[in-house]
Each structure stands twice: as structure tokens, then as C-alpha cells.
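So the structure is just underneath, and the comments pick up after that.
The values are calculated or read from the model by the stated rules, or taken from the named source; none is laboratory data. Everything numeric here is computed off the predicted structure, so don't read it as measured data. Methodologically, a virtual Cβ is constructed for each residue, glycine included, from the backbone with ideal geometry; neighbour enumeration extends over all protein chains shown.
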């Protein structure tokens, strides 16, 4: 019976799986073939060519906010890089702010004070359950309806808040400042070696050293010392009202601030939940045992609770970082010149190369997502439980 | 009675003990409590004054009916700062139905009324006649299509006339409903033993999860007409629906995969040993258990999708937020953006908060069910 080849074709799992997969591959290939045929036909009918030559053509539009020089004569390729940089800028600063705020709110949520933790709870519920796009638009409309330049809100002497953005002094680095910068880098490298050495010494002798304070002092004071030795090689350019606008200083545009506030306040609510559940996941016995050992409360937090909580926190935190980066694509709604707005929107409309441009944009986001995942996985490996030995 | 005695009897009462334990356990705690009270007072009074006490609802402070923004109290008296809710009233029809013809609007109302009934059977498993509710759930999409779009005896209403809450709910509910079967197939495919099938599913899921929804919406909007032969040109709402469904199916598939992974191997092996085929064991043994576990994460991704439907305004559809922005572009109501955005936020909040409470309720229920 079992040797009947026809029966085997139907009922032997290995053989069956081969023809099922062959069938699916065939169907898929057929689908791709027909779709590409129709697409080619449709493109030809509309007179749209294919190919990536358009990247070298002049873009013909201006970008209001750019980290690198850009004029309308520059190429679409350069517009792409402007977009990528702007997306990265708002994502990285957003991740930074959201992490700080999220950890803060997560800890407040666990506060023993009923009122305090419920304020945090209300914040979390209200921001989590309202679309991030709406929050970005709301922040943006608050920012662009601030007072005009003439009636700017002045604070901390040199900062001005207006409907055109936040104006602040900008540093001008003079000759010799690079020594200060280098001393900062060297201080960081030096302290990492010092930390290793002091840990080693602690393991041998049992003496504890205030490593954190020593290293912080070195990192902070070395550059300051060099700064004064070099004769303070830095000046500030202050914003001053001239005519209808400010001159000098630097400015954070409302588009950027709106994106930053919207993204980080929204994501922080989610991060605070992962932080809270991470800390709660550390079993009560751990805290009790460390109290029984006589550890001080900040040591309990730093040496016992946080290392174990991080193992739970990092994976969901990674997906929040990914979400923030993807949500940065909403800049188009308020005119922040990110990848989707400039290259994916205006370049697409001007060239009509929908397929090529959407492909490039999507692949760029995939690369960003993969990079964040990769970095966070590397970090995750360092905090995970190492062996049982 | 001395004051000390009164204090003591209060401190020993239940409320007193609670207060001391939760708000005034030591001086740091007391300080935080006072700071919190001050914060709540400042924010709360500011918001309540703006939204309720100083606000105009239908008439302004002179008692006139508000016909456009020039009648708002804050635009007459510079000293007044309250909200002017009349814009919501004036635009309420659009917020609910978009540009749906007024004489046909009973069809939308009927659909809104039937929607919760169609969901009862899925959300609660201990109701009488649950079977009939489930039948109705499967029937509901056809009824809703007939009512909203039209057909025999009902005049046709093009989707370009739809808007507001109707579009938001349509995209949310239909997207989730269509994504559900697709996501089960994707999750099963990802765990399949067949390498080609599982890698195709992995690539699809990870690709969709790696790119922002807005790029999918753009792609669907610009490229679907290019991919399809002449004569077949899906309208804008349908294009958005395709993008939203594919997007949601990838996220839901991951939620279901989590449920599948939680099923002990012994269940599969026992089912196969009983002589059940792959599909029999999947349908009768694995999926019922796996889906039960994955409902809370499915609800959570659904909340995410429901919020994300607001992105369709970027491709020119008028969902709840899109209608709000359209109202603000109207010269007679311009500049009342806080009123509009707060209202839209509130609507989204009500739906999403309800869903998240439901998901919490399910999680608790699952915990107690499993510990029996």
C-alpha cells in the first residue's frame, strides 16, 4: 500500500510539502509577472519612464530646514540626503527625550504617593489613547500661535520664544577650541580605563571607590580646565531683533519642535509602561534579600533592581524606538522636511517616479529599523543573564 | 473635647489611616502631595475654566446665538478666554458622517447602531443565544456594505461622500476584520515547516513592520492604479483600506504567533497521534487555545491601528481629524483649533480607552481561568 507512488504523492508529508511549495512559488511568480506587465503597460501609456537617472537631475524646490547646504539647483539625490538627515535628527533627539521622560514617568508610576502616581497615570492614559498625528498637529498649532517676533517672550536673558521658533545664542568656536574638544574625548577614554582598574582593585582588596563621582569629575573638569588654559576660545552669537526678524544666534523651528514634542511625549507614555512593568517584574524577594544583606537603598536600586529590570525592559523599549523612528514620517502633516515630505512627497510629484522613490524611501526606513534593532540587540546581550556558572 | 482628641479619632478612622499611608507617610511624601495638589489645581482650574466655566456652548456672553467665530465671546471681549464649542455643534453632522447626503443619513445611523450588536458575540462569551450573535457578526459586513454604499432599492452613495467618524470606524473595523483571517494564515505560515512558505511570510511581516504606515498609504494611493489593468481603478478609500489591512495583518500575525508559541508542543503531538491532519489539529486543537491567549495583544494592536487611521488625512481622505482640519480651513470658523483638536482627541480617547479597558479585563479573566 505505502509503496503506491500516487498515494505517496498525496500523503507523504515530505513530498506533499514540495509540491505545495512549488505551487505557491508558481502562483507568486505568475502574480509578479502579470502585475509587472500591467505596470509596464500603464507606465508606458502615461509616458513615465523607469530608472534612477532622475536622482542626478536638479530638484527645483527649496527645503526650509536642512542640516547640509541645499538650494533648488541641487539634485534629488541631495534632497534625499537632506531628508534622511532630518529624519535621523528628529528621531535621535526624540528617542533621547522620550527615554528620559519615559523612565521618569515609569518610576513616578511606582511612587508610594497615591496622588503623585495617579497624575502620571492620567498622563499615560491620555497620551497613549490619542493619535500621535493629532498630538503633533496640536503642538504645532500651539507653537505657531505664540507671540510674533516683535512681542517675543524673552526668558533667561538671551532666549526668545516666538511664532517662528525658539531663538537662542549659538556658540562660535575660536582657534584653540579643538584642544578642549579633544581633552573631552581623552577624558572619556581615560575614565573607562580607570573604571576597569578600580573595579579590579576593588575585587582584590574589597575597598570601594566612588568610581562614579571620580569619573564624572574627570570628564567635567578636564575640558573646563583646558578651556581656561586656552584662554576661553568660545564666544556666543546672541539673537537680536533687526527689522522683522532675529539676526544671529540659532533657531529651533516650530516644525521641528512640534515633531519633537509630539513624538517624545507620545512615546514616553509607552516607555513608562515598559519601565514600570520591568521594575515590577523583579521579584520582591530580591529587594528583601538585599535589604537583609544591609545594602543601602540606592545600592539596592543600582546593583540589584535596575540590572534585572533592564533585561525585561530592553526588548519592548527597542520596539518603542522603532515606532518613534517610523512615526517621524508624520512630519509631512506639519511641513517638517523629513524623508517622506521632501524626497517622498515633492520629488515624487515633480518626477512622477512613484515606484523608484517609494522603493528608496521604504528601503531607507528598513535600514534604519534594522540598525536600531541591531544596536539594541547588542546592548541587550550585555544586560542579559550571563550563564549559570 | 479637645482638638487633639478630634484629630486622633480622625487619624484612627479608615480614611485617616489611608491618608497617612498613601499621602503623608513622611515629610518628603507630604511635600510631594502638596506639590501634586498645587499642580492639579493649576492645570485643572485652567482647563476647566477654558473648557466649561468660561466657555461658550451655543450662545455667547450676551446671549446671542453663535453663528460663526465672530460671535464667540473671546472674539468680542479681549478679556475672555473660554472655548467656543459652537464650532463642534455647527460641524457635528460632518464630524459624524462627512458629506453623506442628509436624506440618506438614517442608513449610517442604522449601521452605527448595528455595529455594537455585531461585536457583542465576539467580545463576551457568556451571553445567551451567543450563536445567533456570531451569525449576525458574519452577516454584518454584507448588511453594512448594502446600507452604506447602497444597492438594490437603496441609492448609491460614493465613498467620496463619506467622512468623519464614519470613515474612521470604517477603516478601523474593516481593516481589523479583514486583517484577522490574513494574520492567522501569516502566523501559521511563519511557523510552517516548509522553508519557502515560512520565509515568504517572514519577509512580508518584517517588511511591513519595518516601514511607516504612511509609506504604505502613499504606495497604495499612487501605485495600486499602476498595478491594476485598465478600467479597474479602486477609489481612494479602498486604496487606504488595502494599505491599512496589510499593515494590520503583519502586526496581528506577530500577536497570534506569540499565542501559537505559548501552546505546549505536547498538544500538537497528541493531536497528530490521534490521527488528526494538520488542518484538523490546527483548527480544532491549536487555534482555539492560541487565539484565546493572543486576544489581549490583538486588541492592543487594534488600538494602534484605530489611532493610525488618522494618517489617511495625509492622502486626502476626510476622517475625523481630516474633517476637523477642513472645519478649521473654513473662514467663518478659522482659529478655533484647540476646540476642534480637543474634541477629536476626546472621541479617539473614548474608543481607545474602552478598548484598552476591555483588553485589561480579558487579561485578568485569562489569568483566573488558567489558574483554575
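What to note about this one:
- Matching residues, segment A:342-371, being more than 10 Å from every other protein chain (Cβ to nearest Cβ), surrounded by 13 or more Cβ atoms within 10 Å (Cβ to Cβ) and over 19 Å from residue B:227 (Cα atoms): A:342, A:343, A:346, A:347, A:350
- Restricting the first member to segment B:213-236 and to residues that are more than 9 Å from every other protein chain (Cβ to nearest Cβ) and in contact (Cβ under 8 Å) with a residue 40 or more places away in the chain, and the second to residues that are outside any loop (DSSP other than H, G, I, E, B) and loosely packed, with under 15 Cβ neighbours inside 10 Å, the beta-carbon pairs closer than 9 Å and six or more apart or on different chains are B:235/B:160; B:236/B:160.
- Residues located in segment B:95-120, provided they are assigned to a helix (DSSP H, G or I) and surrounded by 19 or more Cβ atoms within 10 Å (Cβ to Cβ): B:95, B:96, B:97, B:107, B:108, B:111, B:118
- Elements of the type helices (runs of 4 or more DSSP H) sitting completely within segment A:265-356 and holding at least 3 residues that are under 30 Å from residue A:48 (Cα atoms) and more than 26 Å from the chain's Cα centre (by Cα): these cover A:348-351.
- Qualifying residue in segment B:65-76 (condition: within 30 Å of residue B:365 (Cβ to Cβ) and outside the structural domain of residue B:345 (by TED's automatic domain parsing)): no
- Note on segment B:53-94: residues that are part of a helix (DSSP H, G or I), in contact with a strand residue (DSSP E or B) (Cβ under 9 Å, 6 or more places away or on another chain) and over 22 Å from residue B:321 (Cα atoms) total 4.
- Of all residues in segment B:332-356 being more than 10 Å from chain A (Cβ to nearest Cβ) and under 22 Å from the mean Cα position of the chain (by Cα), the one that is nearest to residue B:51 (Cα to Cα): B:339
- Elements of type helices (runs of 4 or more DSSP H) in segment B:247-364, at least 2 residues being modelled with pLDDT under 95 and buried (at least 20 other Cβ atoms within 10 Å of the Cβ): B:287-308, B:320-329
- Annotation: residue B:128 fulfils all but one of (1) touching a helix residue (DSSP H, G or I) at 6+ places or on another chain (Cβ under 8 Å); (2) at pLDDT below 90; (3) not in a helix (DSSP H, G or I); the unmet one is (1).
- Just one residue in the set B:222, B:202 is within 21 Å of residue A:326 (Cβ to Cβ), over 22 Å from the mean Cα position of the chain (by Cα) and modelled with pLDDT under 90; that residue is B:222.
- So residue B:306, is it over 28 Å from the mean Cα position of the chain (by Cα), at negative phi and within 14 Å of chain A (Cβ to nearest Cβ): no
- Here residue A:136 passes the criteria (1) surrounded by fewer than 22 Cβ atoms within 10 Å (Cβ to Cβ); (2) modelled with pLDDT of 95 or more except the one numbered (1).
- Those strands (runs of 3 or more DSSP E) of segment A:105-211 in which at least 1 residues are away from chain B (no Cβ under 14 Å) and touching a helix residue (DSSP H, G or I) at 6+ places or on another chain (Cβ under 8 Å), considering only elements entirely within it, cover A:159-162, A:165-168.
- Checking each residue in segment A:27-42 for being more than 14 Å from residue B:224 (Cβ to Cβ) and surrounded by 11 or more Cβ atoms within 10 Å (Cβ to Cβ) picks out A:28, A:34, A:36, A:37, A:40, A:41.
- Checking each residue in segment B:168-206 for being touching a strand residue (DSSP E or B) at 6+ places or on another chain (Cβ under 8 Å) and more than 14 Å from chain A (Cβ to nearest Cβ) picks out only B:170.
- For segment B:226-238, filtering for residues that are more than 24 Å from the chain's Cα centre (by Cα) and either surrounded by 17 or more Cβ atoms within 10 Å (Cβ to Cβ) or part of a loop (DSSP other than H, G, I, E, B) (or both) leaves 8.
- Residue A:248 vs. criteria outside the structural domain of residue A:327 (by TED's automatic domain parsing), in contact (Cβ under 8 Å) with a residue 60 or more places away in the chain and farther than 30 Å from residue A:133 by Cβ: yes
- Flag for residue A:86 being free of Cβ contacts under 8 Å to residues at least 24 places away in the same chain, farther than 30 Å from residue B:24 by Cα and buried (at least 21 other Cβ atoms within 10 Å of the Cβ): no
- Breaking point among (1) more than 9 Å from chain A (Cβ to nearest Cβ); (2) under 29 Å from residue B:184 (Cα atoms); (3) touching a strand residue (DSSP E or B) at 6+ places or on another chain (Cβ under 9 Å), for residue B:283: (3)
- Residue within segment B:96-106 that is more than 30 Å from residue A:111 (Cα to Cα), within 14 Å of chain A (Cβ to nearest Cβ) and at pLDDT 90 or above present: no
- Residue in segment B:155-163 that is part of a loop (DSSP other than H, G, I, E, B) and in contact (Cβ under 8 Å) with a residue 60 or more places away in the chain present: yes
- Where a residue in segment A:358-377 is under 17 Å from residue B:223 (Cα atoms) and its partner, wherever it lies, is assigned to a helix (DSSP H, G or I), with Cβ under 6 Å and at least six apart: A:358/B:219; A:361/A:344; A:361/B:215; A:362/B:215
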